[in-house]
Amino acid sequence: MNFSKRPFTVTAAAVATVLVFGTAACSSGGNSPAGSTGGAVATVSNTAPTAAGGDTGGSAPDGKPVWPDDGTSPPPVPVIDFHPCSSVDDGRCGTAAVPLDYRDPDGDAIAIDVAVIDAADPDSRRGAIFVNPGGPGESAIGHLTRFREVLGPQITDRFDLVAVDPRGVGISSQARCWSTATPPDYIDQAPSTDDEIKVWIDNNKYENAACATSGVPIINHVSTANVARDMDLVRRALGLDELNFVGLSYGTVVGATYRSLFPDTTRAMILDGVVDPVAWTSGGDDPTIPVSVRTGTAKAAHQSLLALLDACETAGPDRCRHATTIRREWQQTTDALRHGPVQAGLDTVSLTSLVFSAVALQYDPDDAQALIDMIHDTYRQVIEGESYVAPPPPATGDTGGWQSPTAPAAAPAASDDAPQPQSAPEHTADGRRIVPATRSQPDDAVWWDTFTQQAPMCADARNPDSYQAWVDYSNSPEALANPFTGVWLWNSSLCARWPGTDPDAYRGPFDTATATGPLVVGNTHDNATGLDQAEAVAAAIPGAVLVTVDSFGHTGIDKSACALSVATDYLVDLSLPADGTVCPADKQPF
């Protein structure tokens, strides 16, 4: 996600692209997440220009059926004109015109970006695998090459790989808002005091007001269910009888939604680094808890960090520097920073900056020693008064599942091949109008930002409609005990009064049976999507099999030859292992 185009300097503590809630440590206007430095006792006003999104299930609230409900016909199948990709080696790219509103399939259309890497051995071709790297907010096209690298020739010789950029994310349909009104004061760290919380919420209100007028029409049609519908239209356009799918992180919600809406065309589905779709959407028994709490990312990050400290201590100082002192240093440093930032020479060290740095280094086990070193060096600054400590080495790659250490691919990677909104054709072959995803930005706009993460999250998730719910949780014993809480909690507060209302959102049930159950992959110490999420999903879906990878970092298949072998057998032959199979990691952090 880009930095907001504000008329002043943004000073982010650290940056890290995260494939669960978009940019957990990247400043992006008022919708950047926060890290709490302690409890706040604020009471906030809920005055806002628009109401929160609706609570519909599979059908629109007016009772009108939405494809693929009974009694509905498929929308027109798009015609995709492919051309060679410049950003995907040996790939072909194109755009598909899909309905803006699936309740009006013959009405206006939007353009979504598609890329295909054909099977390397056409004589052995078995079909196609659709992929999604997560986010929400990540370009599937931008990560397509990495999927090819990880899945390997036993799969890519036999299957085409298909990337469909989710609506609201790809260049052609990006959720983008702007305003000509002067933005409020801005903080890029964590709201922890009453004043900071007020500034944070003022920014939420400003952005909601901006999106209500400039983010239309896409913010009203950007649910994960519509992403799944788009995928099925692309499947039809490619002449495929069935769909295989590999989804990572939030991409597992895309997969769970697709198989629920289209069970008859679902062949094989791998869900790796699982987000529980019930927690993501309806909230189950308690939708009054913010979605950023329900999915348990702060809890997973904290548990993963503590497990890494255990592993360092067990490895000893010969294999892990600072092994004998690191747990004490973490505890003393976080305890001290809960009382407020510490000035160390020219540096201001806060709990937020410490946690942001930790988050950035948690996603890849290869960064484990760098994470330990960063904690030790921060301890020297905060507790021992060192005026300067060299910054930690950068993380080896992007911070989501299956990222390339040498050439991490983010959403802009697809921009070379994706037409800009104004260059898209004006009409489909059957005469439907293709419309821009959002209103054109005028020259006098003083602020803009992309909402590729919040738009689908707020469309999918039932959330409290009062900002006070976020304040109350930040003061709960559970939140105060976890230094990672603020990094994730406030990331969803924009949803309290989000102006988008997608009546086509799907919020379950997610236990639909398919001919073959999904392969669910969990990581013992996943820092973004805890193993409990994978266990819940595997238990809920008939025929699902859970494979656990005993590793650190986010997702599992890329960290274990055993897990990749299981995935290969499943994709090629629909052969599932015994439920509860545990695969060792190829290497441990120390």
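The values are calculated or read from the model by the stated rules, or taken from the named source; none is laboratory data. All values derive from a computational prediction rather than experimental measurement. Every residue, glycine among them, receives a Cβ derived from its backbone with ideal geometry; neighbour counts consider all protein chains shown.
Residues that are without any contact (Cβ under 8 Å) to a residue 60 or more places away in the chain, outside any helix (DSSP H, G or I) and closer than 27 Å to residue 124 by Cβ do not occur anywhere in the range 519-526.
Okay, residues lined up against (1) more than 30 Å from residue 200 (Cα to Cα); (2) polar (S, T, N, Q); (3) out of contact with any helix residue (DSSP H, G or I) (no Cβ under 7 Å at 6 or more places or on another chain):
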site: 471; (1), (2), (3): no, no, no
site: 492; (1), (2), (3): no, yes, no
site: 495; (1), (2), (3): no, no, no
site: 508; (1), (2), (3): yes, no, no
site: 528; (1), (2), (3): no, no, no
site: 535; (1), (2), (3): yes, no, yes
site: 556; (1), (2), (3): yes, no, no
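Considering (1) among the basic types (Lys, Arg); (2) farther than 19 Å from residue 364 by Cα; (3) in contact with a Cys (Cβ under 9 Å, 6 or more places away or on another chain), the lone condition that residue 338 does not fulfil carries the number (3). Residues considered: 569, 573, 558. Of these, the only one that is more than 19 Å from the chain's Cα centre (by Cα), closer than 15 Å to residue 246 by Cα and not β-branched (Val, Ile, Thr) is 569.
Checking each residue in the range 284-306 for being surrounded by fewer than 20 Cβ atoms within 10 Å (Cβ to Cβ) and either over 30 Å from residue 460 (Cβ atoms) or of a type in the set (D, E, K, R) (or both) picks out 285, 286, 299, 306.
Take the conditions at pLDDT 90 or above and more than 25 Å from residue 450 (Cβ to Cβ) and apply them to residue 364. Does it pass? Here the answer is yes, as residue 364 does meet what is asked.
Among the residues of the range 73-105, the one identified as within 17 Å of residue 145 (Cβ to Cβ) and among the basic types (Lys, Arg) is 92. Residues of the range 540-580 that are surrounded by fewer than 16 Cβ atoms within 10 Å (Cβ to Cβ) and among the polar types (S, T, N, Q): 565, 575.
Among all positions in the range 230-241, there is no residue which is free of Cβ contacts under 8 Å to residues at least 12 places away in the same chain, touching a Lys or Arg at 6+ places or on another chain (Cβ under 9 Å) and surrounded by fewer than 23 Cβ atoms within 10 Å (Cβ to Cβ). Apart from one condition, residue 348 fits all of (1) under 26 Å from the mean Cα position of the chain (by Cα); (2) without any contact (Cβ under 8 Å) to a residue 40 or more places away in the chain; the exception is (1). When the test is whether a residue is closer than 17 Å to residue 175 by Cα, more than 24 Å from the chain's Cα centre (by Cα) and crowded, with 24+ Cβ neighbours inside 10 Å, residue 109 passes it.
Within the range 486-507, residues that are more than 25 Å from residue 259 (Cβ to Cβ) sit with their Cβ atoms under 8 Å from residues that are of a type in the set (D, E, K, R) and surrounded by fewer than 24 Cβ atoms within 10 Å (Cβ to Cβ), at 6+ positions apart or across chains, in these pairs: 496/465; 497/205; 497/465.
Quick check: is even one residue across the range 316-325 β-branched (Val, Ile, Thr) and in contact (Cβ under 8 Å) with a residue 60 or more places away in the chain? No. Summed over the range 224-247, residues that are in a helix (DSSP H, G or I) and in contact with a Leu (Cβ under 8 Å, 6 or more places away or on another chain) total 6. For the range 569-590, a residue qualifies if it is in contact (Cβ under 8 Å) with a residue 12 or more places away in the chain, part of a loop (DSSP other than H, G, I, E, B) and more than 17 Å from residue 525 (Cβ to Cβ), and the qualifying residues are 574, 576, 577, 578, 579, 580. Across the range 502-526, the qualifying residues are those that are more than 28 Å from residue 566 (Cα to Cα) and not acidic (Asp, Glu), and the one among them that is surrounded by the fewest Cβ atoms within 10 Å (Cβ to Cβ) is 508. So is residue 148 of a type outside the set (Gly, Ala, Ser), farther than 22 Å from residue 438 by Cα and in contact with a helix residue (DSSP H, G or I) (Cβ under 6 Å, 6 or more places away or on another chain) or not? Here the answer is yes, as residue 148 does meet what is asked.
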